[in-house]
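> Before I ask anything, let me first share the structure, which is written out below as C-alpha cells.
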Amino acid sequence: MSIVLNSKTYNFIGFDRNGTSVWQETSAGVPSGFSYLTCRVMSGQGTSDTKVRWRLTMPIVAAADSSCSCTGAVLRTYRYDEGRVDVPASSLSAERTDFAARLKDLHDSTTYGTSITTVTQPSA
C-alpha cells in the first residue's frame, strides 16, 4: 500500500527490525534525499495505554555542487515526531508549505485514522 502526501508517493517497503511499518519516497533521486514515513502501534498491557507513533522526515539535499556542499548533501531535515514538528533554522517558505501539506495529507489519510481507531499496525 502506498500513501500520497502532497503529491509525493510513499511506497511501503516493509517492517524494520523493531516491527515498525516503513514507507519511502524517492523523488529526490539520491538516497540521502529519500523521505521516510513510519508507524508503530504498541499494544498496552493491562491498564497501560496503547501507543500509536507516526514519524515523517523530509531531507532537503543540494541539487548541484557549490562551495558549501556537494550534490546530494543533506542541507537540512524537517521532522514530524509524535506530534512535534522540527523546522530547520535555514528553512525556506516553499519547503515549509510542502511539509505542512504532507502532514495535512497524512492526518487526512485512511491509514492514519485506521491506525488510531483500530489500534492496528499498518502494512502493505
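> Can you tell which of 111, 97, 118 is among the polar types (S, T, N, Q), out of contact with any Leu (no Cβ under 8 Å at 6 or more places or on another chain) and crowded, with 17+ Cβ neighbours inside 10 Å?
Numbers: 97 fails: crowded, with 17+ Cβ neighbours inside 10 Å; 118 fails: crowded, with 17+ Cβ neighbours inside 10 Å.
When all the criteria are applied, what remains is 111.
> Oh, and also: Across region 67-84, what is the total count of residues that are surrounded by fewer than 10 Cβ atoms within 10 Å (Cβ to Cβ) and either at pLDDT 90 or above or not acidic (Asp, Glu) (or both)?
Residues in region 67-84 being surrounded by fewer than 10 Cβ atoms within 10 Å (Cβ to Cβ) and either at pLDDT 90 or above or not acidic (Asp, Glu) (or both): 4 in total.
> Name the single residue, out of those in region 32-65 being more than 26 Å from residue 2 (Cβ to Cβ) and surrounded by 11 or more Cβ atoms within 10 Å (Cβ to Cβ), that is modelled with the lowest pLDDT.
65
> Sticking with this one: Quick one: is residue 27 free of Cβ contacts under 8 Å to residues at least 12 places away in the same chain, assigned to a loop (DSSP other than H, G, I, E, B) and not aliphatic (A, V, I, L, M)?
no
> I'd like to know if region 72-80 contains one or more residues that are out of contact with any Phe, Trp or Tyr (no Cβ under 7 Å at 6 or more places or on another chain) and within 25 Å of residue 114 (Cβ to Cβ).
For region 72-80, residues out of contact with any Phe, Trp or Tyr (no Cβ under 7 Å at 6 or more places or on another chain) and within 25 Å of residue 114 (Cβ to Cβ): present.
The values are calculated or read from the model by the stated rules, or taken from the named source; none is laboratory data. Computed from a predicted model, the values in this text were never measured in an experiment. Cβ coordinates were reconstructed from backbone atoms using ideal geometry, including for glycine residues, and neighbour counts include every protein chain displayed.
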